[in-house]
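Only one structure is covered here, and it is reproduced in the block below.
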Amino acid sequence: MLANFWWSLPLTLAVFFGARRLAARFRMPLLNPLLISMVVIIPLLLITGIPYARYFAGSKILNDLLQPAVVALAFPLYEQLHQIRARWKSIITICFVGSITAMVSGTAIALWMGATPEIAASILPKSVTTPIAMAVSQSINGIPAISAVCVIFVGILGAVFGHALFKLLRITTKASRGLAMGTASHALGTARCAEMDFQEGAFSSLALVICGIITSLTAPFLFPLLLRAFG
């Protein structure tokens, strides 16, 4: 086995871009590039006995690029600024209701099923992007690593099944689809929306940002209330 893991970065990139080509060819929701990458890389690490910490160290630059990538989502917002100005009251209301619902539902179910306050706190910020979720989790005595896993899981669910659910419910408005996806499935859902339609991706980006702010501001006050109500 190699003494260092410099090759983990090219391995990750090769698997991801291979998964993207596969997804572009067959266009099936289950062939999400992130999901395929996880299905390939996780068993590979388990079979070879490579510690995740060593693998992560070799591809840390990808994690460092996460925050700039989230900031880059501001560009679609600029392109749709005229629509945002016309609908800002509705947008903020939708994002506020969606954020509170996401936090209350996940935390309440976790506490009802017997989760500890620490685990419940880790689940609460599951519907915002990873850097914000980890910071919020830490501020309410959760476990940031568990929050990151929950964020990835929720994002993949939204990216894979979100548009199928829209079709089932006959939701066709681009703004509605984008706001719903950004509120529930953060950056992964936004990336999927951007692939489907530019305007849809713009509204999803907007929801991602607004919901991140709302979650950051309300979580420290909401979590103790949920503990008293359901704990």
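When region 84-102 is filtered for residues that are free of Cβ contacts under 8 Å to residues at least 24 places away in the same chain and surrounded by 22 or more Cβ atoms within 10 Å (Cβ to Cβ), nothing remains.
If only one of ALA175, ALA159 is small (Gly, Ala, Ser), under 18 Å from ILE92 (Cα atoms) and either outside the structural domain of ARG85 (by TED's automatic domain parsing) or assigned to a helix (DSSP H, G or I) (or both), which one is it?
The conditions single out ALA175.
With respect to ALA86, determine if the residue is within 24 Å of PHE153 (Cβ to Cβ) and among the aliphatic types (A, V, I, L, M). Spelling it out, it is not the case that ALA86 is within 24 Å of PHE153 (Cβ to Cβ) and among the aliphatic types (A, V, I, L, M).
Contact map, region 103-125: first residue within 20 Å of ILE152 (Cα to Cα) and of a type in the set (D, E, K, R), second residue surrounded by 20 or more Cβ atoms within 10 Å (Cβ to Cβ) and modelled with pLDDT under 95, Cβ cut-off under 8 Å, separation 6 or more or different chains; pairs are GLU118/GLY142. Take the conditions surrounded by 13 or more Cβ atoms within 10 Å (Cβ to Cβ) and in a helix (DSSP H, G or I) and apply them to ARG54. Does it pass? Criteria met by ARG54.
Applying the condition of being under 23 Å from SER205 (Cβ atoms) and of a type in the set (S, T, N, Q) to region 106-150 and asking which residue is surrounded by the fewest Cβ atoms within 10 Å (Cβ to Cβ) yields THR130. Among the candidates SER105, SER99, SER122, the residue that is part of a helix (DSSP H, G or I), within 16 Å of the chain's Cα centre (by Cα), over 13 Å from LEU208 (Cα atoms) and hydroxyl-bearing (Ser, Thr, Tyr) is uniquely SER122. For the condition part of a helix (DSSP H, G or I), buried (at least 24 other Cβ atoms within 10 Å of the Cβ), assigned by TED's automatic domain parsing to the domain that holds ILE84 and at pLDDT below 90, what is the one hit in THR183, THR190? Answer to the check: THR190. As a summary of the residue check, LEU81 satisfies the conditions (1) surrounded by fewer than 18 Cβ atoms within 10 Å (Cβ to Cβ); (2) free of Cβ contacts under 8 Å to residues at least 60 places away in the same chain; (3) within 30 Å of TRP7 (Cβ to Cβ); (4) not acidic (Asp, Glu) except for the one numbered (3).
The values are calculated or read from the model by the stated rules, or taken from the named source; none is laboratory data. All figures in this text were calculated on a predicted structure; none of them were measured in a lab. Cβ coordinates were reconstructed from backbone atoms using ideal geometry, including for glycine residues, and neighbour counts include every protein chain displayed.
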